[in-house]
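Read through the structure below, which is laid out as structure tokens, and then see the notes.
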Amino acid sequence: MEEREKKERGIMGQDQEEGGKTEGQPANMNSQDSMTENEENCVELCTEVEEKGKEKGMEEGELKKEIELEAEVKLELCQSIPGLQMSLIRGTDLFGYVGIEAILDQMKRKTMKAGFEFNIMVVGQSGLGKSTLVNTLFKSKVSRRSNYEEKISKTVKLHSVSHVIEEKGVKMKLTVIDTPGFGDQINNENCWEPIVKYINEQYEKYLREELCVNRKRRIPDSRVHCCIYFLPATGHRLRPIDVEFMKRLGKIVSIVPVIAKADTLTIEERQEFKERIRHDLVANGIHVYPQKEYDEDPEDHILNNRIRENIPFAVVGTDKEHQVNGNKVLGRKTKWGIIEVENVEHCEFACLRDLLIRSHLQDLKDVTHNIHYETYRVRRLTESNMDFGELGLPTWPLENGTRDKCESESHL
């Protein structure tokens, strides 16, 4: 190592004397040296793990997994603090019980006390079953039911309703944002602008709270974590309004497209329709959740690939129960039989529920905070002579994107 350092210093001195003619050489030499050092470290690491594995009598498959895991951990540690030597100490190498695992219980206890927040937006034409689907997702009356006598609004107005849902001691504040009037007009030009404005206002509101001198311990989160976009079951292709909406909104929020009232299509028609939609999404450069570039590890990539194969989800929503083989199930009764909502052979509602609630709820929040909000924050903070009044926003941000607001709270 000392001889190598002397050589590097000699090369650096020669380059300085040449007056910068060969500026690229030192960087190349350093990169080559760092590569050889990494290779040496990898060889040392592999031999260490192999020796330990042989002592414990581990098989080849287990040894391979052990080497990969230790290499990943060591790489992450070295990347986080360059130049610092670190090693992985396993539980079997400790002298006794330390209690590090207790941090998980601490985190769980604190999180359960504070509760969770989840904000979901539903967008689509009237009559596609947006309210019914949300009620089916959370198995309660969480969505605002519009009055059938109410006239169709001439503009898109956003209505939000909040509930605190408690299940097995876990509390979650759920906010459902509805968009009545979207796509219901003869001229739907720029009908997505109120929705874009609302989403950006929530980012602005959160940014203001972050920039305060005396910040709150916990900033209220009103940012939209997920947008469910309802596609009518036409069996054709994406309409121009669908393409324009998802192209614009896909850059600022996580979009999950669904085929509403999928029971109106046969299985063959449904599959063909889904393939056409996937082709249109790729052809128009539309990014829907979960995006490939956000997969953190191979396990996530495999799971998300299965989800991407099912997008858009063909769903059926209902809040009525029926008896099937002596069991009560959520379903729609027809003269041909009962369409079971949670039966994967009948529709893909269970896949959508698992994505939104059981497997990716926290990831949706993380993508919103680390990707979409971060993009907005960087753009706002890098604007020259930043002024919050430039975008036409009030001194204190509105809680909603429109003046007319319908909001209520309940405890379930």
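Compare the peptides 221-228, 124-131 by average per-residue count of other Cβ atoms within 10 angstrom and give them in order, highest first.
Working: 221-228: 22.1, 124-131: 18.9.
Top to bottom by mean Cβ count within 10 Å: 221-228, 124-131.
Quick one: if you stick a label point 7 Å off each Cα along the C-beta vector at ARG358 and MET107, how many nm between them?
For the pair ARG358/MET107, the computed spacing is 2.3 nm.
Please work out how much length the chain gains when fully extended from ASN214 to ASN190, using 0.36 nm per residue of separation minus the C-alpha to C-alpha distance, in nm with one decimal.
Stretched fully, the ASN214-ASN190 segment lengthens by 4.8 nm.
Report the label-to-label distance for LYS139 and ASN343 in nanometres (one decimal), using points 7 Å from each Cα along the Cα→Cβ vector.
Placing both labels 7 Å along Cα→Cβ, they lie 1.9 nm apart.
Taking 0.36 nm per intervening residue step and subtracting the Cα-Cα distance, what contour gain separates VAL324 from SER126 on full extension?
68.2 nm
Place a point 7 Å from the Cα of ILE302 along the Cα-to-Cβ direction; which residues of the range 339-378 have their backbone N under 19 Å from it?
Backbone N within reach: 355, 359-360.
Each residue of the range 301-316 in order: what ³J(HN,Hα) in whole Hz does its phi give by Karplus 6.51 cos²θ - 1.76 cosθ + 1.60, θ = phi - 60°, with x for Gly and Pro?
Computed from phi, the couplings for the range 301-316 are 4, 5, 4, 5, 5, 5, 5, 4, 5, 8, 6, x, 6, 8, 10, 9 Hz.
What list of ³J(HN,Hα) couplings, whole Hz, do you get for the range 265-282 from phi and the Karplus terms 6.51, -1.76, 1.60, once you set θ to phi - 60° and write x for glycine and proline?
Going residue by residue, I get 10, 6, 4, 5, 4, 4, 5, 5, 5, 5, 5, 5, 5, 4, 5, 5, 4, 5 Hz, with x marking Gly and Pro.
Using the structure shown, select from LYS113/LYS157; LYS130/LYS157; LYS141/LYS247 the pairs with a Cα to Cα distance greater than 24 angstrom.
LYS113/LYS157; LYS141/LYS247
Multiplying the sequence separation of ASN370 and ALA283 by 0.36 nm and subtracting their Cα-Cα distance, what value in nm do you get?
The span from ASN370 to ALA283 would gain 28.6 nm if fully extended.
Excluding ligands and nucleic acids, what accessible area in Å² is computed for THR132 using a 1.4 Å probe, to the nearest 10?
Approximately 40 Å² for this residue.
Mind ranking 242-251, 86-95 by how tightly packed they are, going by the mean number of other C-beta atoms within 10 angstrom, highest first?
242-251, 86-95
Which pairs, out of LYS261/LYS335; LYS251/LYS292; LYS139/LYS251, put more than 26 Å between their alpha-carbon atoms?
LYS139/LYS251
Given R₀ = 22 Å, what would the calculated FRET efficiency be for THR264 paired with LYS335, taking r from the Cβ atoms and rounding to 0.05?
Computed FRET efficiency for THR264 and LYS335 comes out at 0.90.
The values are calculated or read from the model by the stated rules, or taken from the named source; none is laboratory data. Just so you know, these numbers come straight off a predicted model, no measurement behind them. Positions of Cβ are generated from backbone atoms using ideal geometry, with glycine treated the same way; all protein chains shown enter the neighbour counts. For accessibility, only protein heavy atoms count, side chains too; no ligands or nucleic acids. Shrake-Rupley method; radii C 1.70, N 1.55, O 1.52, S 1.80 Å.
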